[in-house]
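**Q** Got a structure for you, written out below as structure tokens; questions coming shortly.
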Amino acid sequence: MPCERLPMGDGAVAIVCTRGRRVRQRCDEPGCHRPMVALCDWPVAGGTCSRRVCVGHQRHQVRNVDYCPTHARVGAMQLELASRWTGGIAP
Ligand SMILES: [Zn+2]
Ligand SMILES: [Zn+2]
């Protein structure tokens, strides 16, 4: 059976033997082949973005909420805009 060595991102390597089981899904970022560890939780029409991200591309927000790099940027921009707005209204 073919066994795969999967770098986990922190120096550890997992050995995965795909004995007819589903191959572990890969990160969706272009050029990245690391195994996914999370799905993007960014809300989109009909659900969530669900982009698969590896440990290196995962942008952890709060407990059980992770974003892909793209949506982490959008989220940060919105937060900044929101803080500017509230900052303008607050005394
Ligand atoms: Zn990745
Ligand atoms: Zn996303």
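**Q** Quick check on my filter: what residues within region 40-75 are aliphatic (A, V, I, L, M) and touching a residue at least 40 places away in the same chain (Cβ under 8 Å)?
**A** Result: VAL55, single match.
**Q** Does region 7-27 contain at least one residue that is modelled with pLDDT of 85 or more and among the hydrophobic types (A, V, I, L, M, F, W, C)?
**A** Going through region 7-27, the residues modelled with pLDDT of 85 or more turn out to be 25-27.
Going one step further and asking which of them are among the hydrophobic types (A, V, I, L, M, F, W, C), we end up with 27.
Yes, some residue in region 7-27 is modelled with pLDDT of 85 or more and among the hydrophobic types (A, V, I, L, M, F, W, C).
**Q** Right, something else. Examine region 40-55 for a residue that is touching a strand residue (DSSP E or B) at 6+ places or on another chain (Cβ under 6 Å), among the acidic types (Asp, Glu), within 16 Å of ligand 1 (Cβ to nearest atom) and more than 13 Å from GLU29 (Cα to Cα), and state whether such a residue exists.
**A** For region 40-55, residues touching a strand residue (DSSP E or B) at 6+ places or on another chain (Cβ under 6 Å), among the acidic types (Asp, Glu), within 16 Å of ligand 1 (Cβ to nearest atom) and more than 13 Å from GLU29 (Cα to Cα): absent.
**Q** Which members of region 56-71 meet the condition of being among the hydrophobic types (A, V, I, L, M, F, W, C) and modelled with pLDDT of 95 or more?
**A** Going through region 56-71, the residues among the hydrophobic types (A, V, I, L, M, F, W, C) turn out to be 62, 65, 68.
Of everything in region 56-71, just one residue is among the hydrophobic types (A, V, I, L, M, F, W, C) and modelled with pLDDT of 95 or more, namely CYS68.
**Q** Kindly indicate the residue of region 20-41 that is within 13 Å of ligand 2 (Cβ to nearest atom) and outside any loop (DSSP other than H, G, I, E, B) and also nearest to LEU6 (Cα to Cα) among those meeting that condition. Let's see the steps before the verdict.
**A** As a first pass, look at region 20-41 and keep what is within 13 Å of ligand 2 (Cβ to nearest atom): 27-29, 36, 38-41.
If we keep only those that are outside any loop (DSSP other than H, G, I, E, B) as well, we get 38-39.
Working: ALA38: 16, LEU39: 18 Å.
Ranking the candidates gives ALA38 first.
**Q** Follow-up question, since we're still on this one. Can you tell me which residue in region 64-81 is surrounded by the most Cβ atoms within 10 Å (Cβ to Cβ), limited to those that are away from ligand 1 (no atom under 16 Å from the Cβ) and small (Gly, Ala, Ser)?
**A** So, considering only residues that are away from ligand 1 (no atom under 16 Å from the Cβ) and small (Gly, Ala, Ser), the one surrounded by the most Cβ atoms within 10 Å (Cβ to Cβ) is GLY75.
**Q** Return the residue satisfying two criteria in turn: it lies in region 42-83 and is within 8 Å of the chain's Cα centre (by Cα) and either among the acidic types (Asp, Glu) or not in a loop (DSSP other than H, G, I, E, B) (or both), and of such residues it is nearest to ligand 2 (Cβ to nearest atom).
**A** Only one residue tops the list, namely TYR67.
The values are calculated or read from the model by the stated rules, or taken from the named source; none is laboratory data. Note that the coordinates shown come from a computational prediction; the quantities given were computed from them, not determined experimentally. Here the Cβ is made from the backbone with ideal geometry for all residues, glycine too, and neighbour counts use every protein chain on show.
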